[in-house]
1. Picking from A:Phe373, A:Phe387, which residue would you name as being under 19 Å from the mean Cα position of the chain (by Cα), of a type in the set (Phe, Trp, Tyr) and more than 16 Å from DNA strand C (Cβ to nearest atom)?
2. Taking only the stretch A:516-540 into account, find how many residues are within 11 Å of DNA strand B (Cβ to nearest atom), touching a residue at least 12 places away in the same chain (Cβ under 8 Å) and part of a loop (DSSP other than H, G, I, E, B).
3. Answer yes or no as to whether A:Pro570 is surrounded by fewer than 23 Cβ atoms within 10 Å (Cβ to Cβ), more than 14 Å from DNA strand C (Cβ to nearest atom) and part of a loop (DSSP other than H, G, I, E, B).
4. Show the residue pairs that are 6+ apart or on different chains and have beta-carbon atoms under 8 Å apart, the first residue being within the stretch A:597-624 and assigned by TED's automatic domain parsing to the domain that holds A:Arg637 and free of Cβ contacts under 8 Å to residues at least 60 places away in the same chain, the second being of a type in the set (Lys, Arg) and surrounded by fewer than 21 Cβ atoms within 10 Å (Cβ to Cβ).
5. Among the residues of the stretch A:378-406, what is the count of those that are among the hydroxyl-bearing types (Ser, Thr, Tyr) and in a loop (DSSP other than H, G, I, E, B)?
6. Determine if the stretch A:259-267 includes at least one residue that is within 16 Å of DNA strand B (Cβ to nearest atom), modelled with pLDDT of 95 or more and within 17 Å of A:Leu145 (Cα to Cα).
Amino acid sequence: MVERFHLVMGSMHERVERCGVDGEYHRVDHDGNHVRKREMHISLIVNIDFDVISDEDDDVVLALSSTKSTSTLLILYPKSSLASQRHPIQFKAPSLTFSRCDAMQLSLCLSKPAQHLKNPIMAASGSGSIMWFRKGLRIHDNPALDYASKGSDFVYPVFVIDPHYMEPDPKAFSPGSRLAGLNRIRFLLESLVDLDTSLKKLGSRLLILKGEPGQVLIRCLKEWGVKKLCFEYDTDPHYQALDIRVKEYASAAGIEVFSPVSHTLFNPADIIQRNGGKPPLTYQSFLKLAGQPSWASSPLLTSISSLPPVGDVGSCEISEVPTIKDLGYGDIEQEWIPFRGGESEALKRLKESISDKEWVANFEKPKGNPSAFVKPATTVLSPYLKFGCLSSRYFYQCLQDVYKNVQKHTSPPVSLAGQLLWRDFFYTVAFGTPNFDRMEGNKLCKQIPWNDDDELLAAWREARTGYPWIDAIMVQLRKWGWMHHLARHSVACFLTRGDLFLHWERGRDVFERLLIDSDWAINNGNWLWLSCSSFFYQYNRIYSPISFGKKYDPNGDYIRHFLPVLKDMPKEYIYEPWTAPPGIQRKAKCIIGRDYPKPVVYHDSASKECKRKLAEAYALNQKLNGQLSQEDLDNLRRKLEQDEDIEPKIRRQRQKVGHLT
DNA sequence: GGCTTAGTTGTCGGT
DNA sequence: CACCGACAACTAAGC
């Protein structure tokens, strides 16, 4: 079913420099009649011939190839499909093969976009612009902000506070909102204050609005009569859905939309397209495809001397950046957290990190010490990258400068620059994989019959597994919102394939809420990795909850700091306090089972069980080619439990889950 | 299609 | 302390 159509359309792609008209398309139906289909408000005008591959009911999936020699691919979904998650549809286009579509995503990849950018229908004509901040909370290397200020008499720098993200949720297991722990909310507020301060120095200010961001933005567009709307492109499903709404409105209202890719080093859509429509699934293949960033050797715009003034805000209610208290959080006692939000802090931290050129040149991620907490073994720039307080591209260029001036340096994947590339790797795979954040319906994810055990999950989440190394990490997560990468590995492995055999999505949820650097693509990618659900499959390699920490920190100082109940436990027992003789426990003022819990599982038997289950699950996945139904999973789960009963000596003895006060 | 190779970060017990 | 092999054996990519 391939028909020929003509489409007037455009894109929101980063390289689109002019936009602002409604697009619509019509098709010829089977009887040869021209049928006008829904209006799509799309920006730049491009003439492209395209083939309709699937057009059922209201849903539209289009595969396009341009009339010119460049290959072009567009996947479009109308509004109606955005609400419901749909299964991926696979199809083949005449000129290229691709197998991705995500109901939440609209992507246009132009291999030579410049050719399509001629003859803009509508140019910006001065007047006002909105700079919509979401991530990208910075002045340096901010192309959206730069574009907003060009040729505008007024610029409205806006941040919308979404109550869902910010307001206290009394039912949550720790202080914070439903979606974010208090640490990250605080970090965000600090970042906003810093951004406001910087904007004021440039003759502007940050306008804080409250409400559902889409509605609020559309109201601003209506009220302020701006000609341009500028914001950083975002691949996260949440923003994909939000941005389509806002772009549709803006385009319908004749407002130019400029939405550049500046959060990552590369444009994920470009890389996916270069790989024939599929995201690369290994780091090495990603590196090959990615090559050098296009901007690698040209200087980024890292400073702005002034900004146009803020225009009349009409009846829109503008407030200052709220405090934690303003948001409804009482006085919550909190350990001093070593990480303050904001661009200034990010640049300061960056400068400190790269000032030690030897350290930068010799950095090898896997060799870092996860138990270092007074002075962490990594840069701790991740939360700044997450909110865009720091530009990953600027960071990358700074690293290249250091590398140029030293004799030898480490390389990806272990080098510092390699870490930024990991970030882009996960952004790319996540963008190109429907249901990336779930096991079900995720083609990359092994279907594994994880156990469901609320008691064990709570023990893990609340730092009472009885394994001090694991619990100390979980305390650091809750108190600081940050732990070393390898510490994250330890607890993620423990929760899933190593010991508890609980679903990685449960752990993902906890990390997503509590980490100050939690990032949708990276967090999900790493949980897929650590649970051996995707990317990494060597399920025999299990982090020991005892010896892994011990090899870095034999004295247990990390444990003593985050679990003060164990501070007087002799180092011989601190990783396995249940083995300490009663006299020692008394002397340390820590009776196991009373002051600190007994282990919730025995690691030796639990990890053997996990390996056995993974082996069986892998075999079934292979047999059924990854297509496991819910029934298949249930059957496997039953079988695994039966086998467990047949071998009672292997069956782990579950301890009563203790409570740590 | 079959085969080889490589894969950011395991543990344990050796040298 | 650095490195090695055994353990048991996975997948994606590339030829």
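The values are calculated or read from the model by the stated rules, or taken from the named source; none is laboratory data. Since we're looking at a predicted model, the values are computed, not measured. Backbone-built Cβ (ideal geometry, glycine too); neighbour counts: all protein chains shown.
1. Values: A:Phe373 fails: under 19 Å from the mean Cα position of the chain (by Cα).
Of the residues listed, the single one that is under 19 Å from the mean Cα position of the chain (by Cα), of a type in the set (Phe, Trp, Tyr) and more than 16 Å from DNA strand C (Cβ to nearest atom) is A:Phe387.
2. 5
3. Numbers: surrounded by fewer than 23 Cβ atoms within 10 Å (Cβ to Cβ): yes; more than 14 Å from DNA strand C (Cβ to nearest atom): yes; part of a loop (DSSP other than H, G, I, E, B): yes.
When the stated conditions are applied, A:Pro570 passes them.
4. A:Tyr602/A:Arg652; A:Ser605/A:Arg651; A:Ser605/A:Arg652; A:Glu616/A:Lys639
5. Quick first cut of the stretch A:378-406, residues among the hydroxyl-bearing types (Ser, Thr, Tyr) only: A:378-379, A:382, A:384, A:391-392, A:394, A:396, A:403.
Still in the running and in a loop (DSSP other than H, G, I, E, B): A:378-379, A:391.
Final tally of qualifying residues: 3.
6. Applying the first criterion (within 16 Å of DNA strand B (Cβ to nearest atom)) to the stretch A:259-267 yields A:264-265.
The next check asks that each one be modelled with pLDDT of 95 or more; those that pass are A:264-265.
Now restrict to residues that are within 17 Å of A:Leu145 (Cα to Cα): A:264.
Yes - at least one qualifying residue is present in the stretch A:259-267.
Residue by residue, here is whether (1) assigned by TED's automatic domain parsing to the domain that holds A:Glu190; (2) under 28 Å from A:Phe154 (Cβ atoms); (3) out of contact with any Phe, Trp or Tyr (no Cβ under 6 Å at 6 or more places or on another chain) holds:
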| site | (1), (2), (3) |
| --- | --- |
| A:Ser315 | no, yes, yes |
| A:Ile332 | no, no, yes |
| A:Ile337 | no, no, no |
| A:Lys365 | no, no, yes |
| A:Thr379 | no, no, yes |
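For (1) outside any helix (DSSP H, G or I); (2) within 14 Å of A:Cys316 (Cβ to Cβ), each residue gets a yes or a no:
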residue: A:Ser174; (1), (2): yes, no
residue: A:Ile185; (1), (2): no, no
residue: A:Asp194; (1), (2): no, no
residue: A:Gln215; (1), (2): no, yes
residue: A:Tyr233; (1), (2): yes, no
